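A.B. asks: My questions all concern the structure below.
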Amino acid sequence: MTVRLPLCADASRAAGEDPIGTAPHWQEVTVLELDIPVWAQLRNVEAWTPEQLTLFEELREKVEASGAGFGLLMSAPQESRGPLRVRHYTLGAGGYARRDYVSDLPQSEWARGLRDTLLEPRNLAHWQAQSVPNGPDFHVCTHGTVDASCGKYGVPVFAALQKEGLRAWRTGHFGGHRFAATAVELPTGVVWAHLSPELALKVARREVSPGEVRLHLRGFAGLPPMAQVVDRELLLRYGWEWLTAHRWAAVEGEEVTLHHVWHGEQGLTRARVVARDKVSIPASSHAPELKDFTQYAVEF
């Protein structure tokens, strides 16, 4: 007899988990436009070529040397079976700047997209630069083969955004499936949790205040996790316009110093981020084991 496990996203919501501080910390993001069947090929490490293995070793060394993490997103293109396309986002003032490129390479050459954006940007001279549209991109995780939560909750959110003419992408796993539907909003760099189709539309149109979606904010990917906790408090204080500020932070234990440049003025905020309590929930919909996740509070 097969025992159906509860979805981890349902467990997270039932526990009232606060997702703040769970956004990945990225200095840059490369989005590979890959047909969904190719996603599995990229995730199959055992089938990687020596060239692909070397690439990820070099990327690991880059992160260790600089401390700068990078994001890798796989998003389904609007038209399948096309050439390899990449969208490259680099962290700067007010979020991430986007640049688009298309090659004459097949999608199976996805490693070239990573190498040329993240390691050897001079090679982008061999790609064709594309015009960049205005407005946000919502990368919604719909990767149900990694976790059933993302299939159940991510697909309807993606469909709702797309139906209303907003730019949304079916995206492969980027972590945090217990927060399904979870999405990365670029260029702001905000990572969202527990979106419904209705809430996703309100968020995209800024028809809600930050305070109303406080428990749907995983954090700003341009900051380390503890600084994300402080940054949320400032977002609640100043409103959506805060996302246009250039923010960076220093973290020493519980002490966070968050610097900003906003409207031409420089400032900083000092705060302590303390562990409040823990919630014990499954980290996956495919395994019954419980894991403790820390909840945080800010002391100014």
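Values quoted throughout were computed directly from the atomic coordinates according to the rules given, and no laboratory measurement underlies them. Keep in mind that this is a model prediction, so the values were computed, not measured. A quick note on method: Cβ atoms are made from the backbone with ideal geometry, for glycine too, and the neighbour counts reach across all protein chains shown.
A.B. asks: Roughly speaking, what is the stretch gain from Glu207 to Glu28, that is 0.36 nm per residue apart minus the C-alpha to C-alpha distance, in nm to one decimal?
C.D. replies: Working it through step by step, the gained length comes to 61.6 nm.
A.B. asks: Further question: Rounded to the nearest 20 Debye, what is the dipole magnitude of region 1-92 about its Cα centre when Lys and Arg each give +1 and Asp and Glu each give -1 at the C-beta?
C.D. replies: Values: 8 positive and 13 negative charges, 56 e Å.
Charge dipole of region 1-92: 260 debye, to the nearest 20.
A.B. asks: Sticking with this structure for a sec: Can you give the helix-only mean residue ellipticity at 222 nm for the chain, where every DSSP H stretch with n ≥ 4 adds -39500 (n - 2.57) and the sum goes over all residues, rounded to the nearest 500 deg cm²/dmol?
C.D. replies: Computed mean residue ellipticity for the chain: -6500 deg cm²/dmol.
A.B. asks: Continuing with the same structure: Determine which lysines satisfy two conditions relative to Lys291: a Cα distance under 28 Å, and not lying fewer than 8 residues away in the same chain.
C.D. replies: In chain and number order, the partners are Lys152, Lys278.
A.B. asks: Would any residue of region 31-68 have its amide N under 20 Å from a label point 7 Å out along Cα→Cβ of Gln162? List them or say none.
C.D. replies: Of the residues in region 31-68, 31-41 have backbone N under 20 Å from the label point off Gln162.
A.B. asks: Looking at the chain as a GNM with Cα springs under 10 Å, which of Val45, Val86, Val29 has the largest mean-square fluctuation?
C.D. replies: Comparing Val45, Val86, Val29 in a Gaussian network model of the chain, the most mobile one is Val45.
A.B. asks: Give me the distance in nm between label points sitting 7 Å out from Cα along the Cα-to-Cβ direction at Glu289 and Val132, one decimal.
C.D. replies: The modelled label-to-label distance comes out at 4.1 nm.
A.B. asks: Using Cα-Cα distances under 8 Å and only pairs 6 or more residues apart, what relative contact order does the chain have, in percent? Walk me through the numbers on the way to the answer.
C.D. replies: Details: 622 pairs, mean separation 61.3, N = 300.
Relative contact order of the chain: 20 percent.
A.B. asks: Return one quarter of the surface area of the convex hull spanned by the alpha-carbon atoms of region 140-261, equal to its mean projected area, in nm².
C.D. replies: One quarter of the hull surface, i.e. the mean projection, equals 7.5 nm².
A.B. asks: Turning to a different aspect of this structure: Spin-label point model (7 Å from Cα, Cβ direction): what's the Glu58 to Phe300 distance in nm?
C.D. replies: Simple spin-label model gives 4.6 nm for this pair.
A.B. asks: Oh, and also: Gain in length, Lys278 to Glu255, computed as 0.36 nm per residue apart minus the alpha-carbon separation, to one decimal in nm?
C.D. replies: Details: separation 23, 0.36 × 23 = 8.28 nm, distance 2.00 nm.
Extending this stretch completely gives an extra 6.3 nm.
A.B. asks: Using unit Cβ charges (K, R positive; D, E negative) and no other charged atoms, how large, in debye to the nearest 20, is the dipole of region 1-222 about its Cα centre?
C.D. replies: It comes to approximately 500 debye.
A.B. asks: So the label point goes 7 Å from the Cα of Asp35 along Cα→C-beta, right? Which residues of region 125-151 then have their backbone N under 19 Å from it?
C.D. replies: Flagged as within label range: 143-145.
A.B. asks: Oh, and also: Strictly greater than 35 Å: what percent of every Cα pair in the chain meets that?
C.D. replies: 18
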